[in-house]
Amino acid sequence: MPGFVEKPEPIQVPGLVHLHTGKVRELYQNAAGDLVMVASDRTSTFDWVLPTEIPDKGRILTQLSLWWFDQIADLVPHHVLSSDLPPGAPADWEGRTLVCKSLRMVPVECVARGYLTGSGLAEYNETRTVCGLALPEGLVDGSELPAPIFTPATKAAVGEHDENVSYEEVARQVGADTAAQLRQATLAVYSRARDIARERGIILADTKFEFGFEGDTLVIADEVLTPDSSRFWPADQWQPGRAQASFDKQFVRDWLTSPASGWDRKGEQPPPPLPEEIVAASRAKYVEAYERLTGTSWS
Ligand SMILES: Nc1ncnc2c1ncn2[C@@H]1O[C@H](COP(=O)(O)OP(=O)(O)OP(=O)(O)O)[C@@H](O)[C@H]1O
Ligand SMILES: [Mg+2]
(Lines give C-alpha, C1' and ligand atoms only; values in the text may rest on other atoms or scores of the structure.)
(Ligands and ions follow the chains in the order given, each with its own letter.)
Protein backbone atom coordinates (compact mmCIF):
# COMPACT_ATOMS: atom_id res chain seq x y z
CA MET A 1 0.00 0.00 0.00
CA PRO A 2 1.36 3.43 -0.82
CA GLY A 3 2.38 5.73 2.03
CA PHE A 4 5.75 6.65 3.43
CA VAL A 5 8.81 5.19 1.77
CA GLU A 6 10.57 5.96 5.06
CA LYS A 7 8.44 7.12 7.97
CA PRO A 8 10.29 9.93 9.76
CA GLU A 9 10.87 10.02 13.51
CA PRO A 10 9.35 13.22 14.89
CA ILE A 11 11.71 15.59 16.70
CA GLN A 12 10.94 15.94 20.40
CA VAL A 13 10.87 19.46 21.78
CA PRO A 14 10.49 20.16 25.50
CA GLY A 15 7.17 21.89 26.12
CA LEU A 16 5.58 20.51 22.95
CA VAL A 17 3.57 17.34 22.72
CA HIS A 18 3.83 15.60 19.36
CA LEU A 19 0.35 14.83 18.06
CA HIS A 20 0.62 13.58 14.52
CA THR A 21 2.91 12.93 11.56
CA GLY A 22 1.12 13.93 8.34
CA LYS A 23 2.41 13.21 4.88
CA VAL A 24 4.15 16.56 4.86
CA ARG A 25 3.72 18.19 8.28
CA GLU A 26 4.38 17.43 11.94
CA LEU A 27 1.78 18.57 14.44
CA TYR A 28 2.42 19.48 18.05
CA GLN A 29 0.51 21.08 20.89
CA ASN A 30 2.12 23.76 23.05
CA ALA A 31 1.57 24.34 26.77
CA ALA A 32 -1.16 26.91 26.03
CA GLY A 33 -3.08 24.27 24.08
CA ASP A 34 -2.36 25.86 20.70
CA LEU A 35 -1.52 23.83 17.64
CA VAL A 36 2.05 24.02 16.30
CA MET A 37 2.27 23.05 12.64
CA VAL A 38 5.73 22.35 11.25
CA ALA A 39 5.98 21.91 7.49
CA SER A 40 8.75 19.58 6.36
CA ASP A 41 10.50 19.41 3.00
CA ARG A 42 8.76 16.12 2.28
CA THR A 43 6.83 15.73 -0.93
CA SER A 44 4.27 13.22 -2.09
CA THR A 45 3.41 12.03 -5.58
CA PHE A 46 1.36 9.09 -6.84
CA ASP A 47 0.22 8.51 -3.22
CA TRP A 48 3.78 8.00 -2.00
CA VAL A 49 5.70 10.24 0.35
CA LEU A 50 9.00 10.21 -1.54
CA PRO A 51 12.31 9.24 0.06
CA THR A 52 13.90 12.50 -1.15
CA GLU A 53 13.18 15.95 0.27
CA ILE A 54 12.96 19.20 -1.70
CA PRO A 55 15.13 21.76 0.12
CA ASP A 56 13.19 24.82 1.35
CA LYS A 57 9.80 23.44 0.31
CA GLY A 58 8.48 23.63 3.87
CA ARG A 59 9.50 27.26 4.26
CA ILE A 60 8.28 28.29 0.83
CA LEU A 61 4.84 26.71 1.28
CA THR A 62 4.47 28.04 4.81
CA GLN A 63 5.29 31.58 3.66
CA LEU A 64 2.94 31.21 0.70
CA SER A 65 0.11 30.03 2.94
CA LEU A 66 0.72 32.97 5.29
CA TRP A 67 0.64 35.38 2.34
CA TRP A 68 -2.66 33.92 1.17
CA PHE A 69 -4.16 34.16 4.67
CA ASP A 70 -3.54 37.91 4.41
CA GLN A 71 -5.14 38.14 0.96
CA ILE A 72 -8.36 36.52 2.19
CA ALA A 73 -8.53 37.89 5.73
CA ASP A 74 -11.54 40.08 4.92
CA LEU A 75 -13.50 37.04 3.69
CA VAL A 76 -13.02 34.66 6.62
CA PRO A 77 -10.87 34.72 9.78
CA HIS A 78 -7.86 32.39 9.79
CA HIS A 79 -6.27 30.29 12.50
CA VAL A 80 -2.69 31.62 12.58
CA LEU A 81 -1.63 33.14 15.89
CA SER A 82 2.09 33.54 15.28
CA SER A 83 4.95 32.50 13.10
CA ASP A 84 7.48 32.94 15.92
CA LEU A 85 9.49 29.89 16.85
CA PRO A 86 8.26 28.20 20.02
CA PRO A 87 10.90 28.37 22.80
CA GLY A 88 13.28 25.44 22.57
CA ALA A 89 12.38 24.59 18.97
CA PRO A 90 15.27 23.77 16.60
CA ALA A 91 16.53 26.78 14.64
CA ASP A 92 15.78 25.07 11.35
CA TRP A 93 12.03 25.22 12.13
CA GLU A 94 12.27 28.95 11.46
CA GLY A 95 10.00 30.01 8.63
CA ARG A 96 8.12 26.75 8.45
CA THR A 97 6.39 26.72 11.80
CA LEU A 98 3.02 28.26 12.56
CA VAL A 99 1.34 28.49 15.93
CA CYS A 100 -2.40 28.22 15.32
CA LYS A 101 -5.60 28.35 17.30
CA SER A 102 -6.73 24.86 18.10
CA LEU A 103 -10.17 24.66 16.53
CA ARG A 104 -13.07 22.27 16.60
CA MET A 105 -12.44 20.98 13.07
CA VAL A 106 -15.27 20.31 10.67
CA PRO A 107 -14.55 16.85 9.23
CA VAL A 108 -15.05 17.89 5.61
CA GLU A 109 -12.46 18.57 2.95
CA CYS A 110 -13.89 21.68 1.36
CA VAL A 111 -12.89 21.54 -2.28
CA ALA A 112 -13.62 24.25 -4.81
CA ARG A 113 -13.17 23.53 -8.50
CA GLY A 114 -13.08 26.04 -11.31
CA TYR A 115 -11.73 23.51 -13.81
CA LEU A 116 -12.48 19.85 -14.36
CA THR A 117 -9.80 17.23 -13.67
CA GLY A 118 -8.83 14.45 -11.26
CA SER A 119 -11.63 12.82 -9.28
CA GLY A 120 -14.08 15.45 -10.58
CA LEU A 121 -13.35 14.43 -14.15
CA ALA A 122 -13.67 10.73 -13.29
CA GLU A 123 -17.12 11.28 -11.79
CA TYR A 124 -18.16 13.54 -14.67
CA ASN A 125 -17.19 10.94 -17.23
CA GLU A 126 -19.47 8.39 -15.56
CA THR A 127 -22.46 10.50 -14.62
CA ARG A 128 -22.08 14.07 -16.00
CA THR A 129 -22.09 15.21 -12.38
CA VAL A 130 -19.49 16.10 -9.76
CA CYS A 131 -20.54 15.50 -6.15
CA GLY A 132 -24.08 15.21 -7.49
CA LEU A 133 -23.94 18.60 -9.27
CA ALA A 134 -25.07 18.42 -12.90
CA LEU A 135 -22.59 19.83 -15.43
CA PRO A 136 -22.96 20.59 -19.14
CA GLU A 137 -22.10 18.05 -21.85
CA GLY A 138 -18.82 18.20 -23.70
CA LEU A 139 -16.37 19.00 -20.89
CA VAL A 140 -12.92 17.41 -21.10
CA ASP A 141 -9.84 17.13 -18.89
CA GLY A 142 -8.87 20.69 -17.97
CA SER A 143 -12.08 22.41 -19.13
CA GLU A 144 -13.07 25.54 -17.29
CA LEU A 145 -16.41 25.11 -15.55
CA PRO A 146 -19.26 27.56 -16.20
CA ALA A 147 -18.83 28.68 -12.57
CA PRO A 148 -16.78 27.39 -9.65
CA ILE A 149 -18.39 24.54 -7.73
CA PHE A 150 -18.18 23.32 -4.14
CA THR A 151 -17.27 19.62 -4.22
CA PRO A 152 -16.81 18.41 -0.65
CA ALA A 153 -15.08 15.19 0.33
CA THR A 154 -14.77 13.22 3.49
CA LYS A 155 -11.27 12.79 4.86
CA ALA A 156 -9.60 9.44 4.33
CA ALA A 157 -6.77 7.76 6.25
CA VAL A 158 -3.18 8.00 4.93
CA GLY A 159 -2.84 6.09 1.68
CA GLU A 160 -6.53 6.19 0.88
CA HIS A 161 -8.38 8.62 -1.30
CA ASP A 162 -10.85 11.12 0.08
CA GLU A 163 -14.37 10.33 -0.96
CA ASN A 164 -16.40 12.91 -2.85
CA VAL A 165 -19.81 13.46 -1.28
CA SER A 166 -22.88 15.50 -2.17
CA TYR A 167 -23.73 18.80 -0.54
CA GLU A 168 -26.81 17.12 0.94
CA GLU A 169 -24.60 14.49 2.58
CA VAL A 170 -22.44 17.22 4.12
CA ALA A 171 -25.57 18.96 5.41
CA ARG A 172 -26.69 15.69 6.99
CA GLN A 173 -23.32 15.21 8.66
CA VAL A 174 -22.59 18.72 9.95
CA GLY A 175 -25.98 20.47 9.81
CA ALA A 176 -27.54 22.66 7.14
CA ASP A 177 -26.26 25.90 8.65
CA THR A 178 -22.63 24.82 8.81
CA ALA A 179 -22.81 23.26 5.34
CA ALA A 180 -24.07 26.56 3.92
CA GLN A 181 -21.28 28.47 5.65
CA LEU A 182 -18.64 26.03 4.35
CA ARG A 183 -19.88 26.35 0.79
CA GLN A 184 -20.10 30.12 0.92
CA ALA A 185 -16.62 30.57 2.43
CA THR A 186 -15.03 27.97 0.14
CA LEU A 187 -16.36 29.58 -3.04
CA ALA A 188 -15.59 33.11 -1.87
CA VAL A 189 -11.98 32.29 -1.02
CA TYR A 190 -11.48 30.23 -4.17
CA SER A 191 -12.83 33.03 -6.39
CA ARG A 192 -10.60 35.64 -4.77
CA ALA A 193 -7.53 33.42 -5.11
CA ARG A 194 -8.37 32.38 -8.68
CA ASP A 195 -8.50 36.02 -9.73
CA ILE A 196 -5.23 36.89 -8.01
CA ALA A 197 -3.47 33.87 -9.52
CA ARG A 198 -4.90 34.53 -12.99
CA GLU A 199 -3.43 38.04 -13.04
CA ARG A 200 -0.06 36.39 -12.43
CA GLY A 201 -0.34 33.85 -15.23
CA ILE A 202 -1.34 30.93 -13.05
CA ILE A 203 -4.57 28.97 -13.21
CA LEU A 204 -5.89 27.84 -9.86
CA ALA A 205 -7.74 24.78 -11.13
CA ASP A 206 -8.98 23.57 -7.77
CA THR A 207 -8.11 23.76 -4.11
CA LYS A 208 -8.95 22.23 -0.75
CA PHE A 209 -9.71 24.09 2.46
CA GLU A 210 -10.32 22.90 5.98
CA PHE A 211 -12.39 24.87 8.45
CA GLY A 212 -12.99 24.73 12.15
CA PHE A 213 -15.01 26.58 14.73
CA GLU A 214 -13.81 28.88 17.48
CA GLY A 215 -16.99 29.17 19.50
CA ASP A 216 -19.62 29.96 16.87
CA THR A 217 -17.18 31.51 14.42
CA LEU A 218 -16.10 29.65 11.31
CA VAL A 219 -12.34 29.92 10.89
CA ILE A 220 -10.21 28.78 7.96
CA ALA A 221 -7.48 26.40 9.11
CA ASP A 222 -4.72 24.09 7.89
CA GLU A 223 -2.62 25.43 4.99
CA VAL A 224 -4.23 27.39 2.19
CA LEU A 225 -3.62 27.74 -1.52
CA THR A 226 -0.26 26.01 -1.63
CA PRO A 227 0.79 23.61 -4.39
CA ASP A 228 0.20 20.78 -1.86
CA SER A 229 -3.46 21.68 -1.39
CA SER A 230 -4.21 23.02 -4.86
CA ARG A 231 -3.69 22.42 -8.54
CA PHE A 232 -1.79 25.30 -10.10
CA TRP A 233 -1.32 25.25 -13.86
CA PRO A 234 0.83 27.58 -15.95
CA ALA A 235 -1.82 29.56 -17.86
CA ASP A 236 0.25 29.80 -21.04
CA GLN A 237 0.34 26.00 -21.34
CA TRP A 238 -3.31 25.37 -20.53
CA GLN A 239 -4.93 23.21 -23.18
CA PRO A 240 -8.15 21.37 -22.34
CA GLY A 241 -8.37 17.79 -23.59
CA ARG A 242 -5.19 16.47 -22.01
CA ALA A 243 -3.57 16.27 -18.59
CA GLN A 244 -2.22 19.75 -17.75
CA ALA A 245 1.37 20.37 -16.73
CA SER A 246 1.47 20.50 -12.94
CA PHE A 247 3.26 23.63 -11.81
CA ASP A 248 5.32 21.95 -9.14
CA LYS A 249 5.32 18.17 -9.53
CA GLN A 250 5.71 17.73 -13.26
CA PHE A 251 9.46 17.09 -13.15
CA VAL A 252 9.04 14.50 -10.42
CA ARG A 253 6.15 12.76 -12.15
CA ASP A 254 7.83 12.77 -15.54
CA TRP A 255 11.04 11.36 -14.11
CA LEU A 256 9.31 8.70 -11.98
CA THR A 257 7.30 7.48 -14.96
CA SER A 258 10.29 7.56 -17.35
CA PRO A 259 12.55 4.54 -17.95
CA ALA A 260 15.37 6.45 -16.20
CA SER A 261 13.79 5.87 -12.78
CA GLY A 262 13.36 2.13 -13.30
CA TRP A 263 10.16 2.42 -11.25
CA ASP A 264 6.85 0.75 -12.02
CA ARG A 265 4.01 2.96 -10.87
CA LYS A 266 1.60 0.04 -10.94
CA GLY A 267 3.91 -2.29 -9.04
CA GLU A 268 4.41 -2.94 -5.34
CA GLN A 269 7.82 -1.30 -5.00
CA PRO A 270 8.17 2.18 -3.46
CA PRO A 271 9.57 4.93 -5.69
CA PRO A 272 13.37 5.40 -5.74
CA PRO A 273 15.24 8.50 -4.53
CA LEU A 274 15.12 11.48 -6.90
CA PRO A 275 18.25 12.56 -8.77
CA GLU A 276 19.80 15.89 -7.85
CA GLU A 277 18.70 17.68 -11.02
CA ILE A 278 15.07 16.72 -10.45
CA VAL A 279 15.28 18.00 -6.87
CA ALA A 280 16.81 21.28 -8.07
CA ALA A 281 14.23 21.74 -10.81
CA SER A 282 11.39 21.05 -8.36
CA ARG A 283 12.78 23.49 -5.81
CA ALA A 284 13.00 26.13 -8.55
CA LYS A 285 9.32 25.55 -9.35
CA TYR A 286 8.27 26.14 -5.73
CA VAL A 287 10.34 29.31 -5.70
CA GLU A 288 8.78 30.39 -9.00
CA ALA A 289 5.25 29.75 -7.73
CA TYR A 290 6.01 31.78 -4.61
CA GLU A 291 7.58 34.64 -6.54
CA ARG A 292 4.93 34.81 -9.24
CA LEU A 293 2.02 34.66 -6.83
CA THR A 294 3.33 37.00 -4.14
CA GLY A 295 5.25 39.31 -6.47
CA THR A 296 8.21 39.26 -4.07
CA SER A 297 11.54 37.53 -4.48
CA TRP A 298 12.21 34.44 -2.39
CA SER A 299 15.77 35.24 -1.35
N1 LIG B 1 -6.48 25.09 13.59
C2 LIG B 1 -6.58 23.77 13.66
N3 LIG B 1 -7.09 23.17 14.77
C4 LIG B 1 -7.16 21.82 14.85
N5 LIG B 1 -6.76 20.97 13.89
C6 LIG B 1 -6.25 21.51 12.76
C7 LIG B 1 -6.15 22.93 12.57
N8 LIG B 1 -5.60 23.17 11.36
C9 LIG B 1 -5.39 21.96 10.79
N10 LIG B 1 -5.79 20.95 11.60
C11 LIG B 1 -5.70 19.51 11.38
O12 LIG B 1 -4.34 19.18 11.49
C13 LIG B 1 -4.05 18.07 10.67
C14 LIG B 1 -2.91 18.43 9.75
O15 LIG B 1 -2.32 17.27 9.44
P16 LIG B 1 -1.65 17.03 8.03
O17 LIG B 1 -2.42 17.71 6.96
O18 LIG B 1 -0.23 17.35 8.18
O19 LIG B 1 -1.79 15.51 7.88
P20 LIG B 1 -3.01 14.65 7.39
O21 LIG B 1 -4.19 15.51 7.09
O22 LIG B 1 -3.14 13.51 8.31
O23 LIG B 1 -2.48 14.02 6.12
P24 LIG B 1 -2.19 14.70 4.75
O25 LIG B 1 -0.73 14.78 4.76
O26 LIG B 1 -2.76 13.73 3.80
O27 LIG B 1 -2.85 16.05 4.69
C28 LIG B 1 -5.29 17.75 9.88
O29 LIG B 1 -5.97 16.70 10.54
C30 LIG B 1 -6.11 19.04 10.01
O31 LIG B 1 -7.49 18.79 9.93
MG1 LIG C 1 -4.02 17.29 5.71
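Only residues that are of a type outside the set (Gly, Ala, Ser) and under 25 Å from residue 232 (Cβ atoms): list them for the stretch 248-262, please.
So the first thing to find is which residues in the stretch 248-262 are of a type outside the set (Gly, Ala, Ser), and the list is 248-257, 259.
Those that are of a type outside the set (Gly, Ala, Ser) and under 25 Å from residue 232 (Cβ atoms): 248, 249, 250, 251, 252, 253, 254, 255, 256, 257.
Quick test of your reading of the structure: residue 148 fulfils all but one of (1) in the same structural domain as residue 231 (by TED's automatic domain parsing); (2) in a loop (DSSP other than H, G, I, E, B); (3) open to solvent by less than 50 Å² (accessible area, probe 1.4 Å). Name the failing condition by number.
(2)
Which numbered condition trips up residue 63, out of (1) under 30 Å from residue 266 (Cβ atoms); (2) touching a helix residue (DSSP H, G or I) at 6+ places or on another chain (Cβ under 9 Å)?
(1)
Determine which single condition residue 118 fails, assuming it passes every other condition in (1) at negative phi; (2) assigned by TED's automatic domain parsing to the domain that holds residue 149; (3) among the small types (Gly, Ala, Ser).
It fails just one condition, (1).
Restricting attention to the stretch 80-103, and to residues there that are within 16 Å of ligand 1 (Cβ to nearest atom) and touching an Asp or Glu at 6+ places or on another chain (Cβ under 8 Å), which single residue is farthest from residue 11 (Cα to Cα)?
Here is the first cut: in the stretch 80-103, the ones within 16 Å of ligand 1 (Cβ to nearest atom) are 80-83, 86, 93, 96-103.
Then keep just the ones that are touching an Asp or Glu at 6+ places or on another chain (Cβ under 8 Å); that gives 81, 99-103.
Values: 81: 22, 99: 17, 100: 19, 101: 22, 102: 21, 103: 24 Å.
This residue is 103.
Could you count how many residues in the stretch 217-246 are more than 16 Å from residue 141 (Cα to Cα) and away from ligand 1 (no atom under 16 Å from the Cβ)?
1
Is at least one residue of the stretch 69-82 of a type in the set (A, V, I, L, M, F, W, C) and closer than 24 Å to residue 247 by Cα? Explain how you work it out, then say what you get.
Filtering the stretch 69-82 down to residues of a type in the set (A, V, I, L, M, F, W, C) leaves 69, 72-73, 75-76, 80-81.
Those still in the list that are closer than 24 Å to residue 247 by Cα too: 69, 72.
Yes, the conditions are met somewhere in the stretch 69-82.
Out of 148, 152, which single residue is under 21 Å from the mean Cα position of the chain (by Cα) and within 16 Å of ligand 1 (Cβ to nearest atom)? Outline the logic, then answer.
Values: 148 fails: within 16 Å of ligand 1 (Cβ to nearest atom).
Only one candidate qualifies: 152.
Only residues in the stretch 20-39 that are among the basic types (Lys, Arg) count as the first member; pair them with residues that are near ligand 1 (Cβ under 8 Å from one of its atoms) and assigned to a loop (DSSP other than H, G, I, E, B), Cβ under 7 angstrom, at least 6 apart or cross-chain, and list the lot.
What qualifies is 23/158.
Looking at (1) modelled with pLDDT of 95 or more; (2) closer than 28 Å to residue 52 by Cβ; (3) more than 16 Å from ligand 2 (Cβ to nearest atom); (4) among the hydrophobic types (A, V, I, L, M, F, W, C), which is the one condition that is false for residue 247?
(1)
Any residue at all in the stretch 203-212 that is touching a Lys or Arg at 6+ places or on another chain (Cβ under 7 Å), assigned by TED's automatic domain parsing to the domain that holds residue 232 and over 24 Å from residue 247 (Cα atoms)? Give the derivation first.
Going through the stretch 203-212, the residues touching a Lys or Arg at 6+ places or on another chain (Cβ under 7 Å) turn out to be 204-206, 212.
Next cut, assigned by TED's automatic domain parsing to the domain that holds residue 232 only: 204-206, 212.
Cutting the leftovers down to over 24 Å from residue 247 (Cα atoms) gives us 212.
Yes, the stretch 203-212 contains a residue that is touching a Lys or Arg at 6+ places or on another chain (Cβ under 7 Å), assigned by TED's automatic domain parsing to the domain that holds residue 232 and over 24 Å from residue 247 (Cα atoms).
Taking the options 10, 55, name whichever one is surrounded by fewer than 22 Cβ atoms within 10 Å (Cβ to Cβ), in a loop (DSSP other than H, G, I, E, B) and touching a His at 6+ places or on another chain (Cβ under 6 Å). I'd like the intermediate steps shown before the answer.
On the way: 55 fails: touching a His at 6+ places or on another chain (Cβ under 6 Å).
Being surrounded by fewer than 22 Cβ atoms within 10 Å (Cβ to Cβ), in a loop (DSSP other than H, G, I, E, B) and touching a His at 6+ places or on another chain (Cβ under 6 Å) holds for just one of 10, 55, which is 10.
Which of the numbered conditions does residue 111 fail, given that it passes all the others? Conditions: (1) outside any strand (DSSP E or B); (2) within 21 Å of the chain's Cα centre (by Cα).
It is condition (1) that residue 111 fails.
Check whether at least one residue in the stretch 267-288 is buried (at least 21 other Cβ atoms within 10 Å of the Cβ), small (Gly, Ala, Ser), more than 30 Å from residue 75 (Cα to Cα) and touching a helix residue (DSSP H, G or I) at 6+ places or on another chain (Cβ under 6 Å), and report yes or no.
There is at least one residue in the stretch 267-288 that is buried (at least 21 other Cβ atoms within 10 Å of the Cβ), small (Gly, Ala, Ser), more than 30 Å from residue 75 (Cα to Cα) and touching a helix residue (DSSP H, G or I) at 6+ places or on another chain (Cβ under 6 Å).
State all residues of the stretch 134-175 that are within 16 Å of ligand 2 (Cβ to nearest atom) and in contact with a Gly (Cβ under 6 Å, 6 or more places away or on another chain); if no residue qualifies, say none. Can you show your working first?
Step one: filter the stretch 134-175 for residues within 16 Å of ligand 2 (Cβ to nearest atom), giving 152-163.
Passing the criteria: 158, 159.
The values are calculated or read from the model by the stated rules, or taken from the named source; none is laboratory data. Note that the structure is predicted; figures quoted are calculated from it, not measured. All Cβ positions, even for glycine, are placed from backbone atoms using ideal geometry, and neighbour counts span all protein chains on display. Calculation scope for accessible area: heavy atoms of the full protein, side chains included, ligands and nucleic acids excluded. Shrake-Rupley method; radii C 1.70, N 1.55, O 1.52, S 1.80 Å.
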